[in-house]
Each structure stands twice: as C-alpha cells, then as structure tokens.
Amino acid sequence: MTTFAEPASAPSQPQARGETVLHDRRITVEGVQTQYLEAGAGPLLLLLHGHEQSAASWRWVMPALARTRRVLALSLPGHGHSGPAAGGHAPGADLAPFVAAFCSAVGAEAPIDLAGHSAGGAIALRLTLADPARIRTLTLVDSAGLGREVHPLLALDTLPVIGELAVMLSRMPGGDLARTTMSAAMLFAQPWRIPAEFFTEQHALGRRPGQLEASTAMARALFGPHGQRQILTGRLPALTTPTLVIWGDRDYLLPVQHAHAAVKHLPHGQLSVFPDCGHLPHVEHPDRFAAVLSTWLTAPRDHPHGTPAAPLPFAGTPERPTTTTSQARTA
C-alpha cells in the first residue's frame, strides 16, 4: 500500500506496517522551485519522467524500488508542481545540467543509479555521456534519442503555431478531456488497462498552468517534422556505464526497433522488451517493471570507472548550490 505525505516541516506520522510513504518534497534548484517525490533509504536511484508527464508517473513502481533504494522522482522545470525554468519555456534547453544541480542540492553522492523515460531518457543519457564516472548504472525506458522515427502526431505537435493551437484547443470546454483520452490511447498498448488514477492525474496535469507549454517546448527540443532531432546512438559505443534498456513491444510513439539498435552499440548493455506493452512500461506493467529494474540494480558489479575514494560532487555544480525548504529528507 502507498500513501502520500504532503510537504510539511513536521515529521511524517507513523505509518501502518507494510505501508510505503511517498514524500512530496520541494527544493530550490538554480532559482526554480522544484518538486520531487522520495521514498526509501539506501543507495540513490533517480528517476526522470518523459514528455507530458511528471514525477507522479513513477509512483506505480516507487514502493517496490524503495525496498532497497532511496528513490527520488524529479518533476522537471515546468512539469508537475515544479516552477518554470529561468528562461521560460523556450525549446532547446539541455536539462542535463539542471539534473546535475538537483543531485547536488539533495546531497546525492556519486556514483548513483539513474533511470529516464522517453524525453527523460535522453536527458539521462546526455548526463551519463558527459560525466560517466558519476553514474553507476543507467536505465533507458522507451527513451528518446535512439532513432529517427517518432509518431507523426508527436512530430506535428512540434510545428510552429500547431503546438500553440493544440494547447489552446485543450483549454476549451471538453478539449482537455479529449487530449487526455487521445494521449492515453497512444501511450498504452491496452488502453482498457489504464489505471483510473493515472487517467485522472494526467487530466489534472494537463490543466495545470504552464504544463502543456513546458511539454511542447521539451518536445520541440527533441522532435521535429522529420523525426527526432538528436540521435545519440553513434555515441553509445563509448559509453562504458552498465546500461539497461527497457521497452514496450507495442510502443506507438517510439518504435521498439530503437531499443534493439541501441543495445547492439552498448559495450555493457542489456535489453528487456515487455510484450503487450506501450510507451509506459512502469505504468502499464508496474510489477514486472519493478522486478526487472530491481534485479538489474542489485546485481553484483564493479563500477567501470573504479570506486571513488570519497563521494564526488556532480560536475558543473557547487557542493551546496541551493537551499531547501523546511522539509527534511526521509530518515
């Protein structure tokens, strides 16, 4: 069973035995009021969400993962309850430095385990390529950046005026429900299995000021009318970080062929394809996802770059770059 603990200065109340608490935190990172969810204790696992999602999209698997890890799920700038980036919603911003700053702000000691879904996968991959010594393992879930092909509707949404028109239509009566319904049909291989809570949360998320604008900007940074803009497959042979690739075999947005191609280029890659699964394996098949990822994370391995003699600060950020709100981290 899972419950939420709202941000508060007082410690959380004792919970019933067997109950996992997801703490909803706030922290200031590079001037951005940033939301993240936290559960568990131990080595750090950081989760990055995808396009039109937020930290809450990971909550279906966080309790299981938190049995052996301190799990943090970050809402990227403009998404969920995080404020917009300092430069607004302009496309093209590389969020990898922001994620590194977040890690320093929450006291993450490298190397950490890092997982990213869709657009969050591309961010996680860029962060790992830039500073591999600080990532113990990388997990890419239906990740962007691994091939050209993308669903035509996603490419269409990145066009000038079209993206703004789509946001405007979604704000008209009934438009928000239509957008959520269409999005859910594209995200899941079996839409009838969509958890009712997920649908409700996505509907509320789309109505939140700035969320769709931030998602459109993120999409335009990654996708264009001719497919994905940033193809990182050619850089994978140099990636020595152990990397797990998880993909749904019926992903309508980013085809599973990208996963097979990526693993062929990874020196230390492993592939897990989920049958009858769409773009959100961690929501459509949460039990299997948590089992696969947990097994991967707990497998014995030496960090390919050696074990640091002391905790390493994340590159490009001060050791204590920001101040937190009054909430304490989970003990």
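The values are calculated or read from the model by the stated rules, or taken from the named source; none is laboratory data. Source: prediction; values computed, not measured. All Cβ positions, glycine included, derive from the backbone under ideal geometry; neighbour counts span all protein chains shown. Side chains are part of the model used for accessible areas, which takes the heavy atoms of the whole protein and leaves out ligands, DNA and RNA. Shrake-Rupley method; radii C 1.70, N 1.55, O 1.52, S 1.80 Å.
If I ask for residues that are among the aliphatic types (A, V, I, L, M) and not in a loop (DSSP other than H, G, I, E, B), which ones from the stretch 263-275 would you list?
Going residue by residue through the stretch 263-275, those that are among the aliphatic types (A, V, I, L, M) are 263, 266, 271, 273.
Correct list: Val263, Leu271, Val273.
State yes or no: is Ala39 more than 17 Å from Ser215 (Cα to Cα) and either touching a helix residue (DSSP H, G or I) at 6+ places or on another chain (Cβ under 7 Å) or in contact (Cβ under 8 Å) with a residue 40 or more places away in the chain (or both)? Answer is yes for this residue. Checked against the criterion of being open to solvent by 40 Å² or more (accessible area, probe 1.4 Å) and modelled with pLDDT under 95, the candidates Ala299, Ala315 yield just one match: Ala315. Screening the stretch 142-152 for residues that are touching a helix residue (DSSP H, G or I) at 6+ places or on another chain (Cβ under 7 Å) and surrounded by fewer than 24 Cβ atoms within 10 Å (Cβ to Cβ) and picking the one that is modelled with the highest pLDDT gives Gly147. Within the stretch 283-295, residues that are closer than 23 Å to Trp192 by Cβ and without any contact (Cβ under 8 Å) to a residue 12 or more places away in the chain reach no partner that is in a helix (DSSP H, G or I) and open to solvent by 40 Å² or more (accessible area, probe 1.4 Å) with beta carbons closer than 6 Å at six or more positions or on different chains. Can you say whether Leu127 is under 22 Å from Glu30 (Cβ atoms) and surrounded by 24 or more Cβ atoms within 10 Å (Cβ to Cβ), as far as the supplied structure shows? So Leu127 fits the description; yes.
Yes or no, residue by residue, for (1) at pLDDT 85 or above; (2) open to solvent by 10 Å² or more (accessible area, probe 1.4 Å); (3) over 17 Å from the mean Cα position of the chain (by Cα):
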position: Gly210; (1), (2), (3): no, yes, yes
position: Leu244; (1), (2), (3): yes, no, no
position: Asp249; (1), (2), (3): yes, yes, yes
position: Asp276; (1), (2), (3): yes, yes, yes
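Being open to solvent by less than 10 Å² (accessible area, probe 1.4 Å) and charged (D, E, K, R) is a condition met by no residue of the stretch 131-141. Output the residue which, of all residues in the stretch 53-65 that are aliphatic (A, V, I, L, M) and buried (at least 24 other Cβ atoms within 10 Å of the Cβ), is nearest to the chain's Cα centre (by Cα). The selected residue is Ala55.
Here is a yes/no grid of residues against (1) aromatic (Phe, Trp, Tyr); (2) in a loop (DSSP other than H, G, I, E, B); (3) in contact (Cβ under 8 Å) with a residue 40 or more places away in the chain; (4) in contact with a Gly (Cβ under 8 Å, 6 or more places away or on another chain):
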| site | (1), (2), (3), (4) |
| --- | --- |
| Gln230 | no, yes, yes, yes |
| Arg235 | no, no, yes, no |
| Thr240 | no, yes, yes, no |
| Cys277 | no, yes, yes, yes |
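Inside the stretch 79-88, residues that are open to solvent by 70 Å² or more (accessible area, probe 1.4 Å) and modelled with pLDDT under 85 make up a count of 2.
Of all residues assigned to the stretch 93-112, at least one qualifies as being open to solvent by 20 Å² or more (accessible area, probe 1.4 Å), out of contact with any strand residue (DSSP E or B) (no Cβ under 9 Å at 6 or more places or on another chain), of a type outside the set (Phe, Trp, Tyr) and within 26 Å of Ser183 (Cβ to Cβ).
Can you confirm whether the stretch 254-263 contains a residue that is closer than 18 Å to Ala119 by Cβ and open to solvent by 50 Å² or more (accessible area, probe 1.4 Å)?
no
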